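The values are calculated or read from the model by the stated rules, or taken from the named source; none is laboratory data. Computed from a predicted structure; not experimentally measured. Cβ sites come from the backbone with ideal geometry, for glycine too, and all protein chains shown count toward neighbours. These accessible areas exclude ligands, DNA and RNA; they are computed on the full protein's heavy atoms, side chains included. Shrake-Rupley method; radii C 1.70, N 1.55, O 1.52, S 1.80 Å.
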Amino acid sequence: GSRDFPEMSRYAYGQTALRGYGALELSLARTSDGVWFGLHDIDINRTSGTTGLGAASTMTWAQVQSYQILGSVAPNNTTQPNRPYMRFEELIELYYPSHVIFMDIKYASAHQAEFINMINALPGTPQDHIVGKAFGVGSSFPNAMHAAGYKTWGYFYQADVPTNLANYQTYWDILGMDYGADGTAWAAVTSYGKPVIGHICPSVAAKNTAIGYGADGVMCSGAILIVPNTPYTNN
């Protein structure tokens with residue numbers, strides 16, 4: 001719901017869950033003192049409207065907390081309040097029991113063993129709730145997640161189809177393709193017989209495009225406009 005709410009915030013996930021989404025996507029960063037929190041970028045400059053701050057990995061959690069996620073980064077509602085950055089544990093407490101959570105460790109990939117140990121320590125069977133997500137051109141993360149019993153989603157773009165898709169699709173249980181890719185790219189990604197998720201859909205038209213090309217599901221930035229086909233009610 002990043003087009004509608006301050007991305008990766010507790011508020012954003014709450015609003016999205018209330019709209020019936022049964023799966024949530026969380027991109028993670030790791031601070032210098034070992035706190036994992038929601039962040040898509042290597043630093044917080046874009047989301048907090050700052051300039052010159054170093055990578056999130058060089059900041060302490062206390063330093064990160066001195067900033068907020070700007071409401072204005074959500075283009076569909078730029079005048080809404082700013083929201084605090086959200087720790088991994090907050091999302092787990094709220095949605096781990098009831099939802100599937102796709103987790104992408106982005107620029108913290110050097111700490112993938114720590115991440116896997118962290119999710120392994122969750123109660124119950126975390127393999128039933130967590131999917132490892134990453135850009136599809138790579139094998140280390142999906143191999144490590146598979147070794148721990150987790151499913152994986154690797155997302156690709158049209159530019160990856162000529163060589164990278166064929167070379168790397170084998171590492172992933174679920175594939176992803178940019179909704180704006182052409183029919184040739186979509187035909188390639190659906191040819192492997194794996195579930196395919198269209199990303200990142202800002203509108204109903206984008207969702208319909210991805211579904212029309214054969215996507216089994218979509219990752220939505222426009223969560224208000226796109227209503228789940230089978231709303232999830234166990235929130």
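Things worth noting here:
- Boolean, GLY176 is in contact with an Asp or Glu (Cβ under 8 Å, 6 or more places away or on another chain) and closer than 24 Å to SER2 by Cα: no
- One residue stands out among those in region 23-41 that are of a type outside the set (Asp, Glu) and surrounded by fewer than 16 Cβ atoms within 10 Å (Cβ to Cβ): the one that is nearest to PRO228 (Cα to Cα), which is GLY34.
- First in region 148-167 and among the polar types (S, T, N, Q), second anywhere and buried (at least 21 other Cβ atoms within 10 Å of the Cβ), Cβ under 6 Å, 6 or more apart: THR152/GLY132; THR152/PRO142; THR152/MET145; THR152/TRP172; GLN158/ALA181; GLN158/ALA185
- Among the residues here, SER109 does not qualify as over 17 Å from the mean Cα position of the chain (by Cα) and either basic (Lys, Arg) or farther than 24 Å from VAL218 by Cβ (or both).
- Checklist (1) part of a loop (DSSP other than H, G, I, E, B); (2) out of contact with any helix residue (DSSP H, G or I) (no Cβ under 8 Å at 6 or more places or on another chain) applied to GLN63, failing item: (1)
- Qualifying residue in region 5-20 (condition: assigned to a loop (DSSP other than H, G, I, E, B), among the acidic types (Asp, Glu) and open to solvent by 20 Å² or more (accessible area, probe 1.4 Å)): yes
- Scanning region 171-184 turns up one or more residues that are closer than 23 Å to SER98 by Cβ and not acidic (Asp, Glu).
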